[in-house]
Amino acid sequence: MNHFDYRDGVLHAEEVSVATIAAEVGTPVYIYSTATLLRHFQVFAEAVPEGSLVAYAVKANGNLAVIRTLAEAGAGADVVSQGELRRALAGGVSPDKIVFSGVGKTAEELSYALEQGIFSINVESEPELEALSVIAASKGVTASIAIRVNPDVDARTHAKISTGKGENKFGVPIDRMPDLAKRCAELPGISLKGIAVHIGSQITDLGPLEAAYGRVFDMCETLRAAGHAVERADLGGGLGVPYVMNAPHPPLPSDYGQMVRRISAGKNLRLVFEPGRLIVANAGILVSRAVYVKHGASRDFLVLDAGMNDLIRPAMYDAHHDVIPVMNAGRTEQAYDVVGPVCETGDTFARGRVLPGFEAGDLAAILSAGAYGSAQASEYNARPLVPEVLVNGKDWSVIRARPTYEEMLARDRLPTWLS
Ligand code: LLP
């Protein structure tokens, strides 16, 4: 469910006309709905067992205003870099609700995380464990850690966002866990609190998640039997969201929550979740203006002022995003290739998409763009980084401004021999 609806034929974000925002801020622009963000967070938090930590995966959308909205609702944060950790803290997430994942945390990042006293560092390899021990011991602190295991489960999602197969770079093969737990007990500065797992993203089938979680819970038992005080399991993120309006939807958070409750019952583990996409994807749209409608040799192109640099998901993962007109004028439908202005054929949002007729100057909304949209945007082709707007009821505010061309140029420096 989201809060983007037509009112008198004009798409609104909550109480605010999308056309008004587009006119005042310009296009392309991301628009997020506070009510949708909060609803998704609440629905998920209520679905999972009471007492769980829901740590929003900041990588999905790291805007400070988004983080703060969720932090005020009680969310923790899952971060994968010092930059994201700093964002989470600046957004008001308390350190005791922050987990730090990632295969390549540097000594500097580990050191910073220890200084903040975060809830968990999710260690992904033996060398990282050894490095963390040295750093923690040198600071005279104890790192509260989970070890991320690789359960060798196929999440049956796009290969580029599948993370739980043995061949993937993530986590430690799960059968090495007993030896690693022993090593943790020997190492100074390390306190092993639990096991973490994350098998992929946009997962639309609960089977692989259940299989992975089952392996994690079994391993927790094995470790306890060997005398290790395992108290928590971090079950990662990954639950898929609907991207196609009139197609069967992936399992709901309530279905997911029921599965988790069933298989975690009686395990006496505090659970941690790291949802990203589920919270923000359908809380955001990318609004763009048609620059031209171009009649090609065999097809019509709807050329937008948003490009792959603003939303790379279709180019990178062949992702589907619904496209709708901002003004619902009931025009006759026709098929378009919806493209951007970037100089690559991959700069295509949709092929042969049947849409109400568009004319140059019309506004289009690309839906389900709140997750991994602005977060993966770039200035390729020297296009200004796309701005972001947050709506809250009747209020709206620019939460990241579009840089000016002067600001963009000023970031580069000419070396002395060229100036
Ligand atoms: N936890 C860990 C350790 C992760 O690596 C991820 C996502 C999440 C949680 C959040 O997963 P989610 O609930 O959002 O599925 N850019 C890609 C998605 C990459 C996901 C990376 N890891 C896309 O646009 O589809």
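The values are calculated or read from the model by the stated rules, or taken from the named source; none is laboratory data. Everything numeric here is computed off the predicted structure, so don't read it as measured data. Cβ: placed from backbone, ideal geometry, glycine included. Neighbour counts: every protein chain shown. Just so you know, the surface numbers come from the protein's heavy atoms only, side chains and all, with ligands and any DNA or RNA stripped out. Shrake-Rupley method; radii C 1.70, N 1.55, O 1.52, S 1.80 Å.
A few points about this structure:
- Residue in region 217-234 that is assigned to a strand (DSSP E or B) and more than 18 Å from V54 (Cβ to Cβ) present: no
- For region 294-301, the criterion of being touching a Leu at 6+ places or on another chain (Cβ under 9 Å) and in contact (Cβ under 8 Å) with a residue 40 or more places away in the chain is satisfied by no residue at all.
- Qualifying residue in region 257-277 (condition: more than 16 Å from the ligand (Cβ to nearest atom), at pLDDT 95 or above, hydrophobic (A, V, I, L, M, F, W, C) and touching a Lys or Arg at 6+ places or on another chain (Cβ under 9 Å)): yes
- Of note, D255 satisfies the criterion of being closer than 30 Å to Y213 by Cα, assigned by TED's automatic domain parsing to the domain that holds D218, among the acidic types (D, E) and open to solvent by 10 Å² or more (accessible area, probe 1.4 Å).
- Against the test of being crowded, with 20+ Cβ neighbours inside 10 Å, touching a helix residue (DSSP H, G or I) at 6+ places or on another chain (Cβ under 8 Å) and not in a helix (DSSP H, G or I), the options V280, V287, V260, V272 yield a single qualifying residue, V287.
- Of all residues making up region 48-73, the number that are away from the ligand (no atom under 14 Å from the Cβ) and under 13 Å from F273 (Cα atoms): 4
- Figure legend. Inter-residue proximity from region 377-395: first residues closer than 17 Å to R68 by Cα, second residues among the basic types (K, R), beta-carbon distance below 7 Å, spacing 6+ or different chains. Indicated pairs: E388/R400.
- Helices (runs of 4 or more DSSP H) enclosed by region 45-133 - at least 3 residues per element that are at pLDDT 95 or above and either open to solvent by less than 10 Å² (accessible area, probe 1.4 Å) or more than 26 Å from G373 (Cα to Cα) (or both): 64-72, 107-116
- Considered as a group, the residues in region 134-165 that are assigned to a loop (DSSP other than H, G, I, E, B) and open to solvent by 50 Å² or more (accessible area, probe 1.4 Å) include one that is farthest from the ligand (Cβ to nearest atom), and that residue is G140.
- With respect to the stated conditions, T204 is open to solvent by 60 Å² or more (accessible area, probe 1.4 Å), hydroxyl-bearing (S, T, Y) and either farther than 18 Å from V103 by Cβ or not assigned by TED's automatic domain parsing to the domain that holds Y372 (or both).
- Condition met for I366 (in contact with a Gly (Cβ under 9 Å, 6 or more places away or on another chain) and crowded, with 18+ Cβ neighbours inside 10 Å): yes
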